[in-house]
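Before we start, here is the structure in question, set down as structure tokens.
The values are calculated or read from the model by the stated rules, or taken from the named source; none is laboratory data. Keep in mind that this is a model prediction, so the values were computed, not measured. Counting neighbours? That spans all protein chains shown, and the Cβs are built from the backbone with ideal geometry, glycine included.
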């Protein structure tokens, strides 16, 4: 069953139309704004210089703000694997949520139901690999946190809508907080780069590394986000490349 869409067009998009084949990614965002009405107004205001293709309201209603074949302004400075400026290659989905700077709340059941329907539709229409369904933080680590640790990536993976690792909780949890050595640390970052994350670290560990580790944890270890690499993180990174 395809999602029911309401057209509420934004003037913020690029011409000309892009080809269907150019769409390779879906990027998930939260609005980071307290009021839903203000978030919609901002995404549809020519003064804001931001937009997305879809907006999911608290009650699950889906607004189509920009037609799929036009480039919306949602990703900003971004990178994933060899791709830069992900606006060119992606469809952006904004979900109403106050975000980390306010009272970051759980996404509603109706919102997630709508996310499922919309992802199924987009993945089928554009033949998108579930590994290319990403969060804004994945493509802009250190700059963005959305959709954050309350977004149910694992739950969606059970419907083949997002990517997850194939390893039991019992096996990985006992590795939590176990220290890693320098070799392990380097292997962890190499795994993240192979997976697709942007290479932002220098030869020595610095503050940027913590941004990247937290980004990884918000996506793949959501119940402990401390910016510290441990054996659990290392094992997850290995299994992401296997699955």
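I'm trying to understand the selection: among the residues of the range 1-18, which are touching a residue at least 24 places away in the same chain (Cβ under 8 Å) and part of a loop (DSSP other than H, G, I, E, B)?
1, 2, 3, 4, 8, 9, 10, 11, 12, 15, 17, 18
Answer with yes or no whether residue 138 is outside any loop (DSSP other than H, G, I, E, B), under 12 Å from the mean Cα position of the chain (by Cα) and under 16 Å from residue 237 (Cβ atoms).
yes
While we're on this one: Are any residues in the range 212-233 in a helix (DSSP H, G or I), buried (at least 19 other Cβ atoms within 10 Å of the Cβ) and either on the phi > 0 side of the Ramachandran plot or more than 14 Å from the chain's Cα centre (by Cα) (or both), and if so, which ones?
Hits for the range 212-233 are 213, 232, 233.
What about residue 162, is it touching a residue at least 12 places away in the same chain (Cβ under 8 Å) and either more than 23 Å from residue 193 (Cα to Cα) or in the same structural domain as residue 234 (by TED's automatic domain parsing) (or both)?
The answer is no for residue 162.
Can you give me the number of residues within the range 153-183 that are crowded, with 16+ Cβ neighbours inside 10 Å and modelled with pLDDT of 95 or more?
9
Another question, if that's okay. Answer yes if at least one residue in the range 128-136 is in contact with a helix residue (DSSP H, G or I) (Cβ under 8 Å, 6 or more places away or on another chain) and more than 17 Å from residue 158 (Cα to Cα), and no otherwise.
Among the residues of the range 128-136, at least one is in contact with a helix residue (DSSP H, G or I) (Cβ under 8 Å, 6 or more places away or on another chain) and more than 17 Å from residue 158 (Cα to Cα), which makes the answer yes.
Would you confirm whether any residue within the range 195-207 is touching a strand residue (DSSP E or B) at 6+ places or on another chain (Cβ under 6 Å), modelled with pLDDT under 95 and over 26 Å from residue 114 (Cβ atoms)?
Yes: the range 195-207 contains one or more residues that are touching a strand residue (DSSP E or B) at 6+ places or on another chain (Cβ under 6 Å), modelled with pLDDT under 95 and over 26 Å from residue 114 (Cβ atoms).
A further question follows. Go through the range 19-37 and report how many residues are surrounded by 13 or more Cβ atoms within 10 Å (Cβ to Cβ) and either free of Cβ contacts under 8 Å to residues at least 12 places away in the same chain or under 20 Å from residue 148 (Cβ atoms) (or both).
Result for the range 19-37: 11.
While we're here: Scan the range 19-59 residue by residue and report those that are under 17 Å from residue 125 (Cβ atoms) and part of a helix (DSSP H, G or I).
20, 21, 22
If you don't mind, there's one more thing I want to ask. Here are 150, 117, 110: which of them is more than 22 Å from residue 38 (Cβ to Cβ) and either part of a strand (DSSP E or B) or at pLDDT 95 or above (or both)?
Testing whether each residue is more than 22 Å from residue 38 (Cβ to Cβ) and either part of a strand (DSSP E or B) or at pLDDT 95 or above (or both) leaves just 117.
Yes/no per residue for (1) in the same structural domain as residue 35 (by TED's automatic domain parsing); (2) within 13 Å of residue 30 (Cα to Cα); (3) in contact with a strand residue (DSSP E or B) (Cβ under 8 Å, 6 or more places away or on another chain):
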| residue | (1), (2), (3) |
| --- | --- |
| 62 | yes, no, yes |
| 70 | yes, no, yes |
| 74 | yes, yes, yes |
| 79 | yes, no, no |
| 84 | yes, no, no |
| 88 | yes, no, yes |
| 99 | yes, yes, yes |
| 103 | yes, yes, no |
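Among the numbered criteria (1) free of Cβ contacts under 8 Å to residues at least 40 places away in the same chain; (2) loosely packed, with under 14 Cβ neighbours inside 10 Å, which one does residue 40 miss?
(2)
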